[in-house]
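Undergrad: Quick one: this structure, given as structure tokens, is what I'll be asking you about.
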Amino acid sequence: MKRQHDPEREQDFADVDRRQLLSELAASVPRPALLCEPEDLRPYECDGLAAYRRLPLAVVLAEDEAQVVAVLKICHRLGVPVVARGAGTGLSGGAMPHGQGVLLSLAKMKRILKIDPLAATAVVEPGVRNLAISEAAAAHGLYYAPDPSSQIACTIGGNVAENAGGVHCLKYGLTVHNVLKVRAVTMAGEIVELGGAAPDAPGYDLLAVMIGSEGLLAVVTEVVVKLTPKPQTAQVIMASFDDVGRAGDAVAAIIGAGIIPAGLEMMDKAATAAVEPFVNAGYDLAAEAILLCESDGTVAEVDEEIARMRRVLDASGATGIRVSRDEAERLKFWAGRKAAFPAAGRISPDYYCIDGTIPRRRLGEMLRAIGGMERKFGLRCINVFHAGDGNLHPLILYDANEPGQTARTEAFGAEILELSVALGGTITGEHGVGFEKLDGMCVQFASEELAAFHRLKAAFDPQGLLNPGKAVPSLHRCAEFGRMHVHRGELKFPDIERF
Amino acid sequence: MNSQEFSARIRAASREQPLAIRGGGSKDFYGGQPSGEVLDARGYQGIVAYEPSELVITARAGTPLVEIEAALAAQGQFLPFEPPAFGAAATIGGVVAAGLSGPRRMAVGALRDFVLGIKLIDGEARELKFGGQVMKNVAGYDISRLITGSLGTLGLILEVSLKVLPRPVCERTLRFALPAGEALARVSAWAAKPLSLSASCWQDGVLSVRLSGALAAVNGAEQTLGGEPVPESDAATFWHDLREQRLPFFAGEMPLWRLSVPPTTRALVLPEPQLIEWYGGQRWLRTQTLATELREAAVIAGGHATLFRGGDKGTGTFTPLQAVMMELHRRLKAVFDPRGVFNPGRLYPDI
């Protein structure tokens, strides 16, 4: 089947021969690894963004690299799209299946192949859960630093695809800063090794290109991660503010004072009100905003840094300050922050999580604007932020069963993202573009930049078979988006089944 | 020179009449021999934005590195990857294009870890912007990091945004008299513990390590490590001279090789003298030994070898890539510079 990646328009895969595909797959992977009955496919119809669902033609649960190579070679020859998937916890629809394609699950490849305590590295298969790496390394006083909220379930392969972050990345970096090497299979079935155990690799930095490429360039089969020595101790300050703008200014003041906290998170009043009944974290419910500022290191180091942060917070007009007295209280303070998403689900039938990043100093401005949008769209929004790095997670509360609310929610989200770009930021800090934010890409990038992304994609996958229709919008789509942009509230993606 | 004038020069160039992108010329020695008509980026300079509380600086490519470092120092901040300048003329564009990092690399990350965004003109004279000024940004492929260290073969860098950090409150340097094998073992063990290590250098039986961080942390680590403290100003000079390759080890005409290997690699049985940095990850050799022999040793260890300065570049500067990777490099070159106008041969002969 002759196919070619097309920057202008999405390819039409209607001519895929399902019967031939299934018979070739059945001949090359073990019987239990191939799913093709609708009831078996159903669990794979969406990822963490459940609003968009689609059934693939087949699911392959690969058990080793040889099976990944075999599946890719078959699909490459037959011109069939392939979507790779880890735990399916992604929040942008990046692992939503292709209706004419194969969903390639890496979740069964979950062996930790090696932990080298001296080199402080771990070699793992892509289906290993993020937290499982830290658990396995704990015996050596080491851990894997990036900690996305979904770390109990999400896989390292998915983390590589999304360049996942977490609450500690201001100090410890994102996935791109903590992965040393990726072994991957291209759509043509060729194995590539990017990066290495040495501090650098010759040639272009293809490791960086691979990380955050949302499954469009190659399928990850092995990852070497850097492990970090576990700090002796950690303490967190919970500071209250009677004004969100002042809380935002306090964030800038801490960093301006030369402090890089291990974590620096902010929640607004609506967010603390939502989580407090749920987790009893002891949050100040009278405050307009609270900040959580964490310090980690040796006991003496933490004492020194907590005292410095306290002085800055006092000077920034904090109305209340509490320092965790022990590990149990530290975890309690964090429990509220980590429960923000489930708490939103508890107080509202549906919620929509936004992921823009803005320069820190614009936080107050953004929060005021979101307040205005709540009134404009008639929807509530609770705000949790990775304040230290300017990454916002406004959670828009809505009820999909109420006519018009879904469309208003999407328009609300789009307006936040457009403002993020206008304030000098980005439409996605850590969740990825996936399927969800394709239109946002048209806002953030000029067509020549999008065309460069398409050419880069074609350099790895000339036929355009890996995760087509994700991450980078077609130029035609952006042209259309520009034309319809003025008509607010129109339904996006009319071809996709909606919930 | 403004960006329109750059574009005009790029449009007029061709595979037969290529351009040699150049900043201060301080790294002309690095990589393949520059060829083509010089495209001087120095005229495009100036700090565009610097907000200390954002930990980001944005500057035009021709801005001298010294100017950037002075602006940061005035606010108690710095470029944590300590890029070698190799001369006062070094520009920030050249620093990013060369992709080199200094003594602090293993503790804080490499130059590429601090690149947030890049504006460039590609080989078809298209002005493109990737990444931005924020720490977390996953919109689009990470082209800023692809450009970093690509030695000008993909485009002319116009502007870069870099993450910066506050200077550590306290630094201390300790010395130990140790043979190479023992020094490597100790540094590896220290690096796997939270001991505020920020640099290491072994040469001629002496191991120097630097500690950086809060006062309490540095004091605690010093007690654990022991060793002979080095006076502060001597220490600062030493690490600076190491970064700029002004230590006596780097003097003279003997070819200088750089081996990048997994840091825990044992002492390599290769000709002396050797200087070992980056907790064992970066090893410098002064030798006439054949390229093939050094490259083989580096590859067996899991790394690669670069003819950094001097010697015969006829056998290539960098370790050759495997066929699949080389083909990807050719295709990526064509993505940004299909007519082959930029820095031919600087990275690999046909790139």
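Undergrad: With the structure loaded, tell me whether B:SER101 is out of contact with any Cys (no Cβ under 7 Å at 6 or more places or on another chain) and either closer than 27 Å to A:SER447 by Cβ or modelled with pLDDT under 95 (or both) or whether it fails that test. Write out each step before concluding.
TA: Numbers: out of contact with any Cys (no Cβ under 7 Å at 6 or more places or on another chain): yes; either closer than 27 Å to A:SER447 by Cβ or modelled with pLDDT under 95 (or both): no.
No, not satisfied.
Undergrad: Which members of the stretch B:309-334 meet the condition of being touching a residue at least 24 places away in the same chain (Cβ under 8 Å) and under 16 Å from B:SER150 (Cα atoms)?
TA: B:GLY316, B:THR317, B:PHE318, B:THR319, B:PRO320, B:LEU321, B:LEU332, B:LYS333
Undergrad: Sort out which residues of the stretch A:429-448 are more than 8 Å from every other protein chain (Cβ to nearest Cβ), closer than 12 Å to A:SER92 by Cβ and part of a helix (DSSP H, G or I), and write them in order of number.
TA: Answer for the stretch A:429-448, where residues must be more than 8 Å from every other protein chain (Cβ to nearest Cβ), closer than 12 Å to A:SER92 by Cβ and part of a helix (DSSP H, G or I): just A:LEU438.
Undergrad: Next question. Of everything in the stretch A:408-428, what is assigned to a loop (DSSP other than H, G, I, E, B) and within 14 Å of A:ARG362 (Cα to Cα)? Give them in sequence order.
TA: Within the stretch A:408-428, A:LEU423, A:GLY424, A:GLY425 qualify.
Undergrad: Tell me the residue from B:ALA20, B:ALA98, B:ALA88, B:ALA61 that is in contact with a helix residue (DSSP H, G or I) (Cβ under 7 Å, 6 or more places away or on another chain) and within 24 Å of B:ARG339 (Cβ to Cβ), please.
TA: Just a single option satisfies the conditions, and that option is B:ALA61.
Undergrad: In addition: Is there a residue in the stretch A:314-324 that is surrounded by fewer than 19 Cβ atoms within 10 Å (Cβ to Cβ), of a type in the set (Ser, Thr, Tyr), in a loop (DSSP other than H, G, I, E, B) and more than 30 Å from the chain's Cα centre (by Cα)?
TA: Going through the stretch A:314-324, the residues surrounded by fewer than 19 Cβ atoms within 10 Å (Cβ to Cβ) turn out to be A:314-315, A:317, A:319-323.
Subsequent filtering for residues that are of a type in the set (Ser, Thr, Tyr) retains A:319.
Okay, now just the ones that are also in a loop (DSSP other than H, G, I, E, B), so A:319.
The next check asks that each one be more than 30 Å from the chain's Cα centre (by Cα); those that pass are A:319.
The answer is yes; a qualifying residue exists.
Undergrad: Could you please give the count of residues in the stretch A:337-364 that are out of contact with any Lys or Arg (no Cβ under 7 Å at 6 or more places or on another chain) and within 14 Å of another protein chain (Cβ to nearest Cβ)?
TA: So in the stretch A:337-364, the residues out of contact with any Lys or Arg (no Cβ under 7 Å at 6 or more places or on another chain) come out as A:337-356, A:358-364.
Now narrow it down to the ones that are within 14 Å of another protein chain (Cβ to nearest Cβ): A:354-356, A:358-364.
Counting residues in the stretch A:337-364 that are out of contact with any Lys or Arg (no Cβ under 7 Å at 6 or more places or on another chain) and within 14 Å of another protein chain (Cβ to nearest Cβ) gives 10.
Undergrad: Here is a further query. What's the total number of residues in the stretch B:242-276 that are within 13 Å of another protein chain (Cβ to nearest Cβ) and of a type in the set (A, V, I, L, M)?
TA: The first filter runs over the stretch B:242-276 and keeps only residues within 13 Å of another protein chain (Cβ to nearest Cβ), leaving B:258-266, B:268, B:276.
Now narrow it down to the ones that are of a type in the set (A, V, I, L, M): B:259, B:261, B:268, B:276.
Of the residues in that region, 4 qualify.
Undergrad: Looking at B:VAL134 and the list (1) modelled with pLDDT of 95 or more; (2) touching a Leu at 6+ places or on another chain (Cβ under 9 Å), which single condition is not satisfied?
TA: Of the numbered conditions (1) modelled with pLDDT of 95 or more; (2) touching a Leu at 6+ places or on another chain (Cβ under 9 Å), the odd one out for B:VAL134 is (1).
Undergrad: Considering B:GLU253, B:GLU228, B:GLU293, B:GLU272, which residue is over 15 Å from A:ASP200 (Cβ atoms), in contact with a strand residue (DSSP E or B) (Cβ under 7 Å, 6 or more places away or on another chain), surrounded by fewer than 17 Cβ atoms within 10 Å (Cβ to Cβ) and among the acidic types (Asp, Glu)?
TA: Checking each option against the conditions leaves just B:GLU228.
Undergrad: Say we look at the stretch A:330-375 and pick out the residues that are more than 24 Å from A:ILE254 (Cβ to Cβ) and part of a strand (DSSP E or B); which of these is nearest to the chain's Cα centre (by Cα)?
TA: Step by step, filter the stretch A:330-375, then rank; the result is A:CYS353.
Undergrad: Considering only residues that are within 32 Å of the chain's Cα centre (by Cα) and free of Cβ contacts under 8 Å to residues at least 12 places away in the same chain, which ones fall in the stretch A:19-37?
TA: A:GLU37, the sole residue that qualifies.
Undergrad: Pick from A:ALA153, A:ALA145, A:ALA164: which is touching a helix residue (DSSP H, G or I) at 6+ places or on another chain (Cβ under 7 Å) and under 20 Å from A:VAL219 (Cα atoms)?
TA: Numbers: A:ALA153 fails: touching a helix residue (DSSP H, G or I) at 6+ places or on another chain (Cβ under 7 Å); A:ALA145 fails: under 20 Å from A:VAL219 (Cα atoms).
Answer to the check: A:ALA164.
Undergrad: Just to be sure, is B:ARG145 within 22 Å of the chain's Cα centre (by Cα), basic (Lys, Arg) and under 30 Å from B:GLY36 (Cα atoms)? Let's see the steps before the verdict.
TA: On the way: within 22 Å of the chain's Cα centre (by Cα): yes; basic (Lys, Arg): yes; under 30 Å from B:GLY36 (Cα atoms): yes.
The answer is yes for B:ARG145.
Undergrad: Another question, then. Taking the condition of being out of contact with any strand residue (DSSP E or B) (no Cβ under 8 Å at 6 or more places or on another chain) and more than 14 Å from B:LEU79 (Cα to Cα), how many residues in the stretch B:107-128 meet it?
TA: 3
Undergrad: Now for a separate question. Would you point out which residue out of B:GLU67, B:GLU37 is touching a helix residue (DSSP H, G or I) at 6+ places or on another chain (Cβ under 9 Å), surrounded by fewer than 17 Cβ atoms within 10 Å (Cβ to Cβ) and over 27 Å from B:GLY314 (Cα atoms)?
TA: Numbers: B:GLU37 fails: over 27 Å from B:GLY314 (Cα atoms).
One residue alone meets the criteria, B:GLU67.
Undergrad: Further question: For the stretch A:380-407, enumerate the residues that are farther than 22 Å from A:GLU365 by Cβ, surrounded by fewer than 24 Cβ atoms within 10 Å (Cβ to Cβ) and not β-branched (Val, Ile, Thr). Break it down into steps so the answer makes sense when it comes.
TA: Narrowing the stretch A:380-407 to residues farther than 22 Å from A:GLU365 by Cβ: A:397-407.
Those still in the list that are surrounded by fewer than 24 Cβ atoms within 10 Å (Cβ to Cβ) too: A:397, A:399-407.
The answer is A:LEU397, A:ASP399, A:ALA400, A:ASN401, A:GLU402, A:PRO403, A:GLY404, A:GLN405, A:ALA407.
Matching residues to (1) free of Cβ contacts under 8 Å to residues at least 12 places away in the same chain; (2) crowded, with 20+ Cβ neighbours inside 10 Å; (3) facing chain A (nearest Cβ under 8 Å):
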site: B:LEU146; (1), (2), (3): no, yes, yes
site: B:SER150; (1), (2), (3): no, yes, yes
site: B:LEU162; (1), (2), (3): no, yes, no
site: B:PRO166; (1), (2), (3): no, no, yes
site: B:ALA177; (1), (2), (3): no, no, no
site: B:ARG186; (1), (2), (3): no, no, no
site: B:TRP202; (1), (2), (3): no, yes, no
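Undergrad: With the checklist (1) surrounded by fewer than 23 Cβ atoms within 10 Å (Cβ to Cβ); (2) at the interface with chain A (Cβ under 10 Å from one of its Cβ atoms) in hand, flag the one item B:ALA305 doesn't pass.
TA: (1)
Undergrad: Can you run down the residue pairs with Cβ atoms below 9 Å, 6 or more apart or on separate chains, where the first is in the stretch A:121-135 and in the same structural domain as A:VAL60 (by TED's automatic domain parsing) and the partner is modelled with pLDDT under 95 and of a type in the set (Asp, Glu)?
TA: Pairs that qualify, where the first residue is in the same structural domain as A:VAL60 (by TED's automatic domain parsing) and the partner is modelled with pLDDT under 95 and of a type in the set (Asp, Glu): there are none.
Undergrad: Select, from A:GLY245, A:GLY258, the only residue that is assigned to a helix (DSSP H, G or I) and either of a type in the set (Phe, Trp, Tyr) or surrounded by fewer than 22 Cβ atoms within 10 Å (Cβ to Cβ) (or both).
TA: Details: A:GLY258 fails: assigned to a helix (DSSP H, G or I).
So the residue among A:GLY245, A:GLY258 that is assigned to a helix (DSSP H, G or I) and either of a type in the set (Phe, Trp, Tyr) or surrounded by fewer than 22 Cβ atoms within 10 Å (Cβ to Cβ) (or both) is A:GLY245.
Undergrad: If you don't mind, there's one more thing I want to ask. What residue, of A:GLU305, A:GLU301, is without any contact (Cβ under 8 Å) to a residue 60 or more places away in the chain and over 28 Å from A:MET366 (Cβ atoms)? Lay out the reasoning, then the answer.
TA: On the way: A:GLU305 fails: over 28 Å from A:MET366 (Cβ atoms).
That would be A:GLU301, the only listed residue that is without any contact (Cβ under 8 Å) to a residue 60 or more places away in the chain and over 28 Å from A:MET366 (Cβ atoms).
Undergrad: Being in a helix (DSSP H, G or I), of a type outside the set (A, V, I, L, M, F, W, C) and under 19 Å from the mean Cα position of the chain (by Cα) is the filter here; which residues of the stretch B:241-257 pass it? Full working, then the answer.
TA: Filtering the stretch B:241-257 down to residues in a helix (DSSP H, G or I) leaves B:241-243, B:248-250.
Subsequent filtering for residues that are of a type outside the set (A, V, I, L, M, F, W, C) retains B:241, B:243, B:248.
Matches in the stretch B:241-257: B:ASP241, B:ARG243.
Undergrad: Within the stretch A:177-191, which residues are closer than 26 Å to B:GLY117 by Cβ and either at the interface with another protein chain (Cβ under 7 Å from one of its Cβ atoms) or of a type in the set (D, E, K, R) (or both)? Please lay out each step first, then the result.
TA: So in the stretch A:177-191, the residues closer than 26 Å to B:GLY117 by Cβ come out as A:177-182, A:184.
If the condition is that a residue be closer than 26 Å to B:GLY117 by Cβ and either at the interface with another protein chain (Cβ under 7 Å from one of its Cβ atoms) or of a type in the set (D, E, K, R) (or both), then A:HIS177, A:LYS181 are the ones that fit.
The values are calculated or read from the model by the stated rules, or taken from the named source; none is laboratory data. All of these numbers come straight from a predicted model, not from anything done at the bench. In this analysis, Cβ positions are derived from the backbone assuming ideal geometry, glycine residues included, and neighbour counts consider all displayed protein chains.
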